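The values are calculated or read from the model by the stated rules, or taken from the named source; none is laboratory data. Owing to the predicted nature of the structure, the values given are computational and were not obtained by experimental measurement. So basically every Cβ, Gly included, is an ideal-geometry build from the backbone, and we count neighbours across all protein chains shown.
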Amino acid sequence: MKVMNCPLNGPRNISEFAWGGEVKPMPDPAGVGDKEWAAWLFLEANEAGVVREWWCHVPTSYWFIAERNNITDEIIKTYPATEVFNTRVEFAAKAGAGEKK
């Protein structure tokens, strides 16, 4: 049985988790075009070696970050996302968004 250490719930069976993609810097929402935004959302670098990834403990909906060697599938470290992301990003509404036509 493979076990992952959840920062909130402790060691759990890997079947309780869902992978959420690579941790990567978000482009400036005010200055990025649709093509670049879509690339950030949907494309992964997919580099071999140790990567930082989003993981979710599904029973509690707790999102955290894991460092994992994707060659050996070894989970090196897990920690709360607040260790990396400590500020909130504000999104401005686009003009005309949400208005009925």
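Residue-by-condition table, conditions (1) touching a Ser or Thr at 6+ places or on another chain (Cβ under 8 Å); (2) surrounded by fewer than 12 Cβ atoms within 10 Å (Cβ to Cβ); (3) in a helix (DSSP H, G or I); (4) of a type in the set (Asp, Glu):
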position	(1), (2), (3), (4)
Met1	no, yes, no, no
Gly20	no, no, no, no
Glu67	yes, no, no, yes
Phe85	no, no, no, no
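Could you tell me whether the stretch 15-29 includes any residue that is of a type in the set (A, V, I, L, M), under 22 Å from Thr82 (Cα atoms) and modelled with pLDDT under 90?
Here is the first cut: in the stretch 15-29, the ones of a type in the set (A, V, I, L, M) are 18, 23, 26.
Remaining after also requiring under 22 Å from Thr82 (Cα atoms): 18, 23, 26.
Next cut, modelled with pLDDT under 90 only: 26.
Yes: one or more hits.
For the stretch 47-61, name all the residues that are closer than 12 Å to Trp19 by Cα and buried (at least 16 other Cβ atoms within 10 Å of the Cβ).
Glu53, Trp54, Trp55, Cys56, His57
Would you mind telling me which numbered condition in (1) surrounded by 11 or more Cβ atoms within 10 Å (Cβ to Cβ); (2) assigned to a loop (DSSP other than H, G, I, E, B); (3) touching an Asp or Glu at 6+ places or on another chain (Cβ under 6 Å) Glu44 fails?
So Glu44 meets the others, but not (1).
Listed residues Ile76, Ile71; which is without any contact (Cβ under 8 Å) to a residue 40 or more places away in the chain and assigned to a strand (DSSP E or B)? Walk me through it before giving the result.
On the way: Ile71 fails: assigned to a strand (DSSP E or B).
Step by step, each of Ile76, Ile71 is checked, and only Ile76 is without any contact (Cβ under 8 Å) to a residue 40 or more places away in the chain and assigned to a strand (DSSP E or B).
If I filter the stretch 29-40 down to residues being surrounded by 10 or more Cβ atoms within 10 Å (Cβ to Cβ) and free of Cβ contacts under 8 Å to residues at least 40 places away in the same chain, which single residue comes out as nearest to Asn5 (Cα to Cα)? Give the derivation first.
Step one: list which residues in the stretch 29-40 are surrounded by 10 or more Cβ atoms within 10 Å (Cβ to Cβ), which gives 29, 32, 36-40.
Subsequent filtering for residues that are free of Cβ contacts under 8 Å to residues at least 40 places away in the same chain retains 32, 36-40.
Numbers: Val32: 36, Glu36: 34, Trp37: 32, Ala38: 31, Ala39: 30, Trp40: 28 Å.
Here the residue is Trp40.
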